[in-house]
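Notes to accompany the following structure.
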Amino acid sequence: MCGIIGYTGTANAIPKMMKGLSVLEYRGYDSVGIAAEQGSQTKIMKCKGRISVLEEKLRETPFEISHCAIGHTRWATHGGPSDKNAHPHRVGAVTLVHNGIIENDKSLRAALSEKGVSFHSETDTEVAAALINDFFAQSGDPVASIRAAMEEMKGSFAFAILFEGHTGEVFAARRGSPLILARGTDGYYLASDMTALLPFTKEYCALKENQIARLRHGDAKIMLEDSSKVDPEWNMTTMTPESAQKGGYSHFMLKEIHEQSGAAVKSVSPRIDANGLPDFSADGIEKDFWKDIQSMQIVACGSAMHAGLVGQRLIEDLAKIPVNVSIASEFRYHPPIMPKGSLVVLISQSGETADTLAALRYAKENGIPTLAIVNAVETTIAREADRRIYTYAGPEIAVATTKGYCTQATVLWLIAAAIALATNRIDNAQTHSITRALTEDVPAAIENMLTLENQYHRIARGLINHEHVFYIGRGMDYALSMEASLKLKEISYIHCEAYAAGELKHGTISLIEPGTPVLAICTEKDLFEKTESNIREVRSRGAQVTLICRNDLPIPPGTADETVLLPTTSDAATVFAAMLAIQYIAYETALLLGCDIDRPRNLAKSVTVE
Ligand code: F6R
């Protein structure tokens with residue numbers, strides 16, 4: 001949802017901007033731009049389109065060496081993708097890039113227009129630049145003018161700002177949107193996400209809410225709300241530059257699909273003690289914490305919400321406590337009744353999703369304990385929640401999540417076991433068999449499913465000429481179907497619906513006609529008979545059926561055109577194997593259709609607007 005970057009130091013800033021933006025492109029890719037100091041002037045180059053378009057422009061009209069620059073890659077909100085709406089925006093002495101949304105931009109625009117400011121774009125960002133410039137014209141003080149503008153702006157923002165007359169200085173400010181500062185041997189950096197800075201340095205500091213930073217060669221300072229100045233507290237990231245590269249795979253999504261067995265183990269093994277029992281003490285969560293939870297409210301968006309649905313089934317089945325799952329964007333409008341003993345669990349790969357963050361803040365304002373399951377370290381949701389569990393999947397670059405979702409589900413499985421054990425629903429031996437399944441059977445099952453590439457390709461061939469596809473399943477498989485359907489539509493643009501297998505006949509079955517692809521998932525032995533009869537219903541209406549099911553079921557001949565068999569070493573192995581299959585089928589389908597798999601149209605990886 002827009003990526004920003006900045007640098008000041010001894011090296012040439014231009015290649016750094018381009019390299020960093022190429023990593024940040026996953027956050028938005030409809031337009032791109034940079035602003036760089038060229039002597040005492042600031043020169044802007046920006047355009048609609050991807051970074052390659054800007055690269056071409058730079059080849060035609062190169063910038064001179066610059067030691068101070070900012071850059072932006074955009075996911076349009078205010079004003080469509082166009083050259084004029086692309087960032088950076090300049091008003092007077094202020095040139096800035098922005099990630100977020102200024103909610104009161106209309107009233108600010110009107111007030112500034114009355115003062116004689118004329119605007120050249122439809123963006124809220126240009127309004128922010130004009131507002132800061134207005135204060136700067138009065139005070140001549142960059143920090144004071146940013147602070148004054150922050151007091152007037154509603155909404156979310158992370159800014160990187162250059163001020164005329166302040167050569168070699170980059171200013172930054174944030175509220176609601178992420179911003180990381182970093183220190184290298186050749187200068188200081190800022191970016192929306194540390195992955196963009198990994199080629200340059202590993203030392204970082206996350207800017208906190210309402211803080212302003214000033215970076216200049218040899219000096220970085222953070223200005224707190226009370227106007228005091230502090231030095232950043234630098235940390236070392238464990239991420240490597242390679243972790244944010246494709247590593248020989250044709251797409252990040254494929255790489256991330258392949259990384260899932262390792263990621264699944266990384267997410268659970270540090271949380272299993274010597275006796276094979278869940279132990280979250282390194283996350284600051286003691287065993288007694290699980291005992292007192294009487295109900296759970298899971299809040300998340302998209303695939304993270306689908307992982308929550310998997311978790312709901314596990315926690316209710318194993319731990320017997322009620323679990324409700326809410327779409328984060330709906331949560332505040334109809335918050336569920338949360339009695340004493342409720343825990344709100346926020347799930348987010350990016351740790352920055354605006355709707356999930358808003359739900360977290362709502363829960364906190366209402367005094368309800370919160371736990372965040374987050375992948376990206378040091379992000380806002382992770383920081384603001386009362387407790388946090390990192391999923392350790394490593395950077396996820398493809399817009400469509402795979403390993404993020406998989407590791408969210410593994411952590412939820414472990415939480416289900418922890419609650420069930422703490423409340424004596426299961427004994428040590430049963431718990432141990434769950435943790436063994438998560439650390440041994442699951443990675444083995446995922447690796448096993450990776451060998452079925454030819455079959456996924458064949459299934460994908462059967463989907464590409466259809467406009468509509470259905471996934472069906474019961475129980476856990478309904479939750480998996482929802483993720484399967486989302487994965488297929490977001491990257492292949494084929495319309496796909498997920499249906500509870502038994503519900504199809506209550507209306508939607510009228511859409512089944514000869515050849516309509518229906519993919520049925522069956523990971524639960526007890527439900528096979530019923531799902532199989534639903535398959536017969538669609539098959540008798542001509543559907544082309546793919547069955548993704550356990551390998552120990554008595555499948556009557558002719559049930560499906562294609563059957564993907566899932567390992568059954570344990571329940572967990574079967575479920576995670578199904579996840580792999582649905583992701584790979586979506587990937588192969590999008591590949592055959594020639595879609596932009598890692599950057600699907602209209603999407604962005606980190607959704608920092610509501
Ligand atoms: C789909 C996908 C999205 C995200 C959703 C939440 O493949 O990636 O549906 O799951 O936008 O994002 P996070 O987990 O970052 O909060």
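Just so it is clear, none of the values below were taken in a lab; they were calculated from the coordinates. Bear in mind that the values here come from a model prediction, so they are computed numbers and not experimental data. Every residue, glycine as well, gets a Cβ built from its backbone with ideal geometry; the counts of neighbours run over all protein chains shown.
A compact table of results
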read-out: Relative counts (whole %) of C-alpha pair distances in segment 137-291, using bins that are 10 Å wide; value: 9, 28, 25, 22, 12, 3, 0
read-out: Pairs of Lys in segment 460-610 closer than 27 Å at Cα, counting only those 8 or more apart or on different chains; value: 9
read-out: Dipole of the chain, positive end: most advanced residue of A137, I373, A172 [Cβ charges, Cα centre]; value: A137
read-out: Pair E103, D288: separation of 7 Å Cα→Cβ label points (nm); value: 3.9
read-out: Alpha-carbon centroid distance for the pair segment 183-205 / segment 1-66, whole angstrom; value: 16
read-out: Ranking of C68, C549 by count of other Cβ atoms within 10 Å, fewest first; value: C68, C549
read-out: Spin-label model distance (nm) - A111 vs Q430, 7 Å beyond Cα toward Cβ; value: 6.1
read-out: nm² value of the averaged projected area, convex hull over the Cα atoms of the chain; value: 27.9
read-out: Mean residue ellipticity (222 nm) of the chain, computed from DSSP H runs ≥ 4 via -39,500 (n - 2.57), nearest 500; value: -11000 deg cm²/dmol
read-out: Helix axis angle, 354-365 relative to the chain longest principal axis, alpha carbon, degrees; value: 90
read-out: By average C-beta atoms within 10 angstrom, highest first, the peptides 573-583, 323-333, 355-365, 174-184; value: 573-583, 174-184, 355-365, 323-333
read-out: Whichever lysines have a C-alpha closer than 26 Å to that of K287, once near sequence neighbours (fewer than 8 apart) are set aside; value: K266, K320, K340, K364
read-out: Sequence of F171, F159, F289 once ranked by neighbouring C-beta atoms within 10 Å, starting from the fewest; value: F289, F171, F159
read-out: Fewest-first ranking of H120, H251, using other Cβ atoms within 10 Å as the exposure measure; value: H120, H251
read-out: Estimated Rh, segment 157-220: Kirkwood, alpha-carbon pairs, angstrom; value: 11.9
read-out: Gain on full stretching of the segment that runs from E440 to D83 - 0.36 nm per residue minus C-alpha separation; value: 123.3 nm
read-out: Estimated FRET transfer efficiency when R0 is 22 angstrom, pair I44-K154 (beta carbons, to 0.05); value: 0.25
read-out: Two-site FRET efficiency, E447 against D226, from Cβ-Cβ distance with R₀ of 45 Å, rounded to 0.05; value: 0.25
read-out: FRET E, pair N235, E60, Förster distance 41 Å, beta-carbon r, rounded to 0.05; value: 0.50
read-out: Cysteines not pairable in the chain (beta carbon separation under 4.7 Å absent); value: C2, C47, C68, C205, C301, C406, C496, C595
read-out: Cα→Cβ-extended label distance, 7 Å offset, between S269 and D526, nm; value: 3.3
